[in-house]
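Coordinate-derived values only; no laboratory data. Here the structure is a predicted model, which means the values were calculated and not measured. Every residue, glycine among them, receives a Cβ derived from its backbone with ideal geometry; neighbour counts consider all protein chains shown.
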Amino acid sequence: MNRPELLSLLLLAALCTACSNRADSSGDAMVFRYNESKGITTLDPAFARNQTIIWPVSQVFNGLVQLDHKLEVKPSIAKKWMVSDDGLTYTFYLRRDVRFHPSGSFNGDPPFVNAADFVYSFSRIQDPSLASPGGWIFEYVDTDSGFTAVNDTILKIQLSSPFPPFLSILAMPYCSVVPQQVVEDPEADFGHHPVGTGPFKFKIWSPDEKLVLVRNDQYFEMDMDGQSLPYLDGIAVTFIKDKQSEFLEFLKGNIDFLSGVHPAYKDELLTRSGTLNPAYNNKIRLITVPYLNTEYLGILQKGGGEENILLDRKIRKAINHGFDREKMMKYLRNNLGYPANAGMIPPGLPGHLEPGDGYTYNPELARHLLGESAYAGEVLPVITLTTTSDYLDLCEYIQFELNKIGIDIDIEVSTGGAFRNMVANGNLPFFRGSWIADYADAENYMALFYSGNFAPEGPNYTRFHSPEFDQMYEQSLLEPDPDERAGLYHSMDSLIVAEAPVVPLYYDKVVRFSQMNIMGFQPDPMNNLVLKTLKKVQQEK
């Protein structure tokens, strides 16, 4: 037997042993299996910057608060909280029954979580020596008296200025509580042998083979009927790199769900209109919800060369009206997304504009706008659009459509790292971009256009600057009322539509395919993977 086969058997044995006490009457443990083709580099929540890490980290750790499937902030380790009238002081009251998972780094039984553990965890994120990519999340926290453990069960967080989305930020995996004894134990190797408080405990991990998590029988949350969570016995993550092989494993029932749509199986599973292929109606489920991701074309608002005709707002608006987003989505994305005809804020967030309040396909109006531009009657210079290969088909479609109204586009394809560097440094007058929400608040999208956020230090990649926009943005940060704040977001997004520093393309969808025996699989617009409330029904053999 070769080494990979032996290792796979050892991993399987570990999982079966860990779950044996919860096997059903057939003797089979209820294990949820998914594949991570990109691999996992760490299980330390301080480095949970992308989905591949966020998903397993979210099973092992908890924070003060969490998001439900509607993206509303709910209690987790904090059972309640208060926010001062000035929006600067957050006081959290912690549960007393939350334990860390067992670890050899503890002297005896694992300790209960207390407020000091959160002070340590949050201060660790801020520590420059750690170089956590989540260091920015506490930029509004007071540098002198930011985190205070009043006693074991009361935690205070002091902000230097109000920031209404702060509770949503605290729901990010970066804000998970971690045990100092384990993190600072040089023999514990915390990033590869994590210890948290979550519904599942770490069991074993071979980076090239499998990650195994098992049920935490001491988990503190219960369902509406008083039954302890989680329902599953464990989670097994494989690392098959080839997407076609992953798809075949899913069809054989060896993987419980697929996330997203890859060209390797898109046309097999989906119709042109984005519905499930009828051949699979009784075999697998298709689950979709709006995803907080807006795909767009960005237009640099400063510089870009002497012949940067995109500095003319009429031309920017003509581009926005010059192609059919509905047709683009149907034929190039199987309708797995929503045409972006309502500004930058995607559906699912307060402040989102109504369909039609943004840009719709209107070639006649586009030509009229060109005739009103500073280049009326002239042959327009060629405009260079830079993209990565993943979006070449969309850019070629837009190129073809804009050519019909007299706008000549030249497409340049760049690699990921070089492309991101050029965008951040303002070297691309016209570029393909996307923005996935870091937290569930429209401020995250409007921050792209605040003049105080110019890239590369901030996310304002277009270098858009509007005193009127800045005033509304700053006002929104001081507005505690959610409805009033949503009204400001709506007005800000309307201004972005009017000024057209971007060309919104589409709002993404969360797309999941699951086996028929997976129950309670409810994705949210952040594409979180919540497995503590998922059930796996035993199928007949």
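Here are a few things to note about the model shown:
- Angle in degrees between helix 467-477 and the longest Cα principal axis of the chain, rounded to the nearest 10: 20
- Linear extension gain, L380 paired with D109, 0.36 nm per residue minus alpha-carbon span: 90.2 nm
- Summarising the amide proton neighbourhood of S414: residues at separation of 5 or more, or on other chains, whose placed amide H is nearer than 5 Å comprise T387, T388, S389.
- Amide H partners (placed H, <5 Å) of V511, local residues excluded: G260
- Crossing angle, helix 363-372 versus the chain [Cα axis fit, 0-90 degrees, rounded to tens]: 60
- Computed E for T89/A418 - FRET, C-beta separation, R0 41 angstrom, nearest 0.05: 0.35
- Estimated [θ] at 222 nm from DSSP helical runs (n ≥ 4, -39500 (n - 2.57)) normalised by residues in the chain, nearest 500: -7500 deg cm²/dmol
- Once the chain from L251 to T388 is taken as fully extended at 0.36 nm per residue, the excess over their C-alpha distance is 46.2 nm.
- Unit charges on C-beta of K, R, D, E only; dipole of the range 61-134, Debye: 220
- Of (1) 49; (2) 45; (3) 53, the label for percent of Cα pairs over 32 Å apart derived from the coordinates: (1)
- Ascending count of other beta-carbon atoms within 10 Å, so fewest first, for W205, W136: W136, W205
- Sequentially through the range 310-323, phi angles give Karplus couplings (6.51, -1.76, 1.60; θ = phi - 60°) of 6, 6, 8, 4, 4, 6, 4, 5, 4, 4, 4, 8, x, 9 Hz, Gly and Pro residues having no value and appearing as x.
- Spin-label proximity, E268 to the range 506-535 - amide N less than 11 Å from point 7 Å beyond Cα toward beta carbon: none
- Summarising the amide proton neighbourhood of R99: residues at separation of 5 or more, or on other chains, whose placed amide H is nearer than 5 Å comprise V113.
- On the basis of the beta-carbon distance and an R0 of 51 Å, E187 and E396 show a calculated FRET efficiency of 0.40.
- Helix 3-19 vs. the chain, principal-axis angle (Cα, 0 to 90°, nearest 10): 70
- Shown in residue order for the range 414-426 are the 3J(HN,Hα) couplings computed by the Karplus curve 6.51 cos²θ - 1.76 cosθ + 1.60 at θ = phi - 60°: 10, 7, x, x, 5, 4, 4, 5, 5, 5, 4, 9, x Hz (x for Gly and Pro).
- The label point for Q475 and the one for Q180, both projected 7 Å from the Cα toward the Cβ, are 4.5 nm apart.
- Under Karplus coefficients 6.51, -1.76 and 1.60, residue-wise ³J(HN,Hα) of the range 118-133 in Hz, glycine/proline x: 6, 4, 5, 4, 6, 5, 4, 4, 6, 5, x, 5, 6, 6, 5, x
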